[in-house]
Amino acid sequence: MNLNKIIHSRILNITIDKLIKANAYNPLLGLGLITIALFVFFIVGILLIIVGLPILGLVNLFKKLIK
């Protein structure tokens, strides 16, 4: 019974230790993910503007041609 308690407490301690280490790195990971997400968002936004403005110009041109 004692050996069983020692094994379980050791597994529990290792798990808690890994969780604490993961939480220590978590803010950095969150900051990195936010940075990547913002970067992707701005790239997609810029691409939408670059692609969207000529399409809007073509739509306006066709509207003028139809009238």
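The values are calculated or read from the model by the stated rules, or taken from the named source; none is laboratory data. Everything quoted here is computed from the prediction, not taken from an experiment. Methodologically, a virtual Cβ is constructed for each residue, glycine included, from the backbone with ideal geometry; neighbour enumeration extends over all protein chains shown. Surface areas here come from the heavy atoms of the whole protein model, side chains and all, with no ligands, DNA or RNA. Shrake-Rupley method; radii C 1.70, N 1.55, O 1.52, S 1.80 Å.
Brief remarks on what is shown
- Residue within the range 51-67 that is open to solvent by 100 Å² or more (accessible area, probe 1.4 Å) and either aromatic (Phe, Trp, Tyr) or not in a helix (DSSP H, G or I) (or both) present: yes
- Any chance ILE7 is part of a helix (DSSP H, G or I), at pLDDT below 65 and either touching a helix residue (DSSP H, G or I) at 6+ places or on another chain (Cβ under 6 Å) or open to solvent by 80 Å² or more (accessible area, probe 1.4 Å) (or both): yes
- Check on LYS18, at pLDDT below 85, of a type in the set (Lys, Arg) and loosely packed, with under 10 Cβ neighbours inside 10 Å: no
- Hits in the range 29-46 (condition: open to solvent by 100 Å² or more (accessible area, probe 1.4 Å) and modelled with pLDDT of 85 or more): PHE39, PHE41, PHE42
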